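J.: Quick one: structure below, then a few questions.
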């Protein structure tokens, strides 16, 4: 071979070898920089740590948590690698089948949930809620009484007390606007007499009502003025439902809505399962060979 050509080939070879070594070292350096632990051929990377942990209360806290996580990962990997070497091949095959089946089910479940969120109709109309309520009479029995009331508290020397009292008792739409405009004067204001409130909430929220006098106030619809050293409560009882009575539809509205959506979801998924199977049969993507 021509001496000049031989020298050129040797030169290329030497430089190529140096480049390979440099690339190999660079790759190794990247592994050493990004990897935080190794067990056999398995590496735990810094990105895994970042994905696992968001933020820490302190540096010491981060060191302890990260080290515990690395140790746990190492023990799991050591156990897995030992098991992989020692478990019977038949058992290993069964385990791999179970892992694959779990993967298939998990992927399918996540995909179905995404379809439900994207495609299923989630609008529930009031008449649908009412119909569901009528069809479920037996399952909405109260376990404790419920009450409706409105309440406000104002100082004893309030100059508008008589008009406030009159409007609070009558409480038409104009009265409601008037009282709302003065609500900054009230230390307590609960105008929502269509809401159903539990016994426990009544006892917690209304200072002059306790377990001994609650039934007296809610025996029938009535108006009360209750004074203490700091002010006067204006209190109107609107309605009550006793335990074992049927729950009001407004009180169980969210439950009814969830019931409707759950039924709708079951039907949606049933139809989807059937459609995906039929589409696969029509496109010959799915075939059976059982005689």
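Residue-wise test of (1) touching a residue at least 12 places away in the same chain (Cβ under 8 Å); (2) assigned to a helix (DSSP H, G or I); (3) within 39 Å of the chain's Cα centre (by Cα).
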site	(1), (2), (3)
207	yes, no, yes
238	yes, no, yes
254	no, yes, yes
290	no, no, no
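J.: On to the next question. As an exercise: evaluate residue 142 against (1) more than 27 Å from residue 203 (Cβ to Cβ); (2) under 29 Å from the mean Cα position of the chain (by Cα) and give the number of the one condition it does not meet.
T.: Exception for residue 142: condition (1).
J.: While we're here: If I filter region 138-153 for residues that are farther than 30 Å from residue 216 by Cα and either surrounded by 12 or more Cβ atoms within 10 Å (Cβ to Cβ) or not assigned by TED's automatic domain parsing to the domain that holds residue 178 (or both), do I get at least one hit?
T.: Residues of region 138-153 farther than 30 Å from residue 216 by Cα: none.
There is no residue in region 138-153 that is farther than 30 Å from residue 216 by Cα and either surrounded by 12 or more Cβ atoms within 10 Å (Cβ to Cβ) or not assigned by TED's automatic domain parsing to the domain that holds residue 178 (or both).
J.: If you check 176, 169, 150, which single one turns out to be assigned to a helix (DSSP H, G or I) and touching a residue at least 60 places away in the same chain (Cβ under 8 Å)?
T.: Result of the check over 176, 169, 150: 169.
J.: Filter region 113-137 down to residues that are under 20 Å from the mean Cα position of the chain (by Cα) and free of Cβ contacts under 8 Å to residues at least 40 places away in the same chain and give me whichever is surrounded by the most Cβ atoms within 10 Å (Cβ to Cβ).
T.: Filtering region 113-137 for residues that are under 20 Å from the mean Cα position of the chain (by Cα) and free of Cβ contacts under 8 Å to residues at least 40 places away in the same chain, the one surrounded by the most Cβ atoms within 10 Å (Cβ to Cβ) comes out as 113.
The values are calculated or read from the model by the stated rules, or taken from the named source; none is laboratory data. What you see is a predicted model; the values in this text were computed from it and never measured. Positions of Cβ are generated from backbone atoms using ideal geometry, with glycine treated the same way; all protein chains shown enter the neighbour counts.
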